[in-house]
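Since the structure comes first, as structure tokens, the remarks are kept for the end.
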Amino acid sequence: MEIQQYEENGIHYAYCEAFDILGYGNTGEEAIQSCKLILCEMLTDAVKNDHLDTLLAIYGWEQTNQPTFR
């Protein structure tokens, strides 16, 4: 999964297009960690509430014949 990084007005951003998540921080590393934290929380919540399949489908992920998504 690709994370794009950019900096604007001294703030670093990390964007995950696959889940439309934007993290930010004072450094590039902080921005990436922010993005990862948001993604982890979102996926954990989806698993906990038994709606992971729905969440992945919303973001365009398709289930293959095997029990994985692509």
Top positive-direction residue, dipole computed over the chain with Cβ charges, set 31, 1, 65: 65
Ignoring GluC sites (Glu not before Pro) buried by more than 14 other Cβ within 10 Å or outside DSSP loops, the longest site-free run in the chain is 18-61
Quick calc: nm separation of the 7 Å Cα→Cβ label points for residue 6 and residue 49 -> 3.0
For the chain, what does -39500 (n - 2.57) per DSSP helix run (n ≥ 4), summed and divided by total residues, give at 222 nm, in deg cm²/dmol to the nearest 500? -13000 deg cm²/dmol
Of the accessible area of the range 1-44, with the probe set at 1.4 angstrom, what percent is carbon plus sulfur? 51
Residue-normalised accessible area of the chain, expressed per residue, 1.4 Å probe, Å²: 75
Compute the length gained on full extension between residue 20 and residue 37: take 0.36 nm times their separation in residues and subtract their Cα-Cα distance, giving the result in nm to one decimal. 4.8 nm
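The values are calculated or read from the model by the stated rules, or taken from the named source; none is laboratory data. All of these numbers come straight from a predicted model, not from anything done at the bench. With ideal geometry, Cβ positions are generated from the backbone for all residues, glycine too; neighbour counts draw on all protein chains shown. Accessible surface is based on the protein model in full, side chains and every heavy atom, while ligands, DNA and RNA are left aside. Shrake-Rupley method; radii C 1.70, N 1.55, O 1.52, S 1.80 Å.
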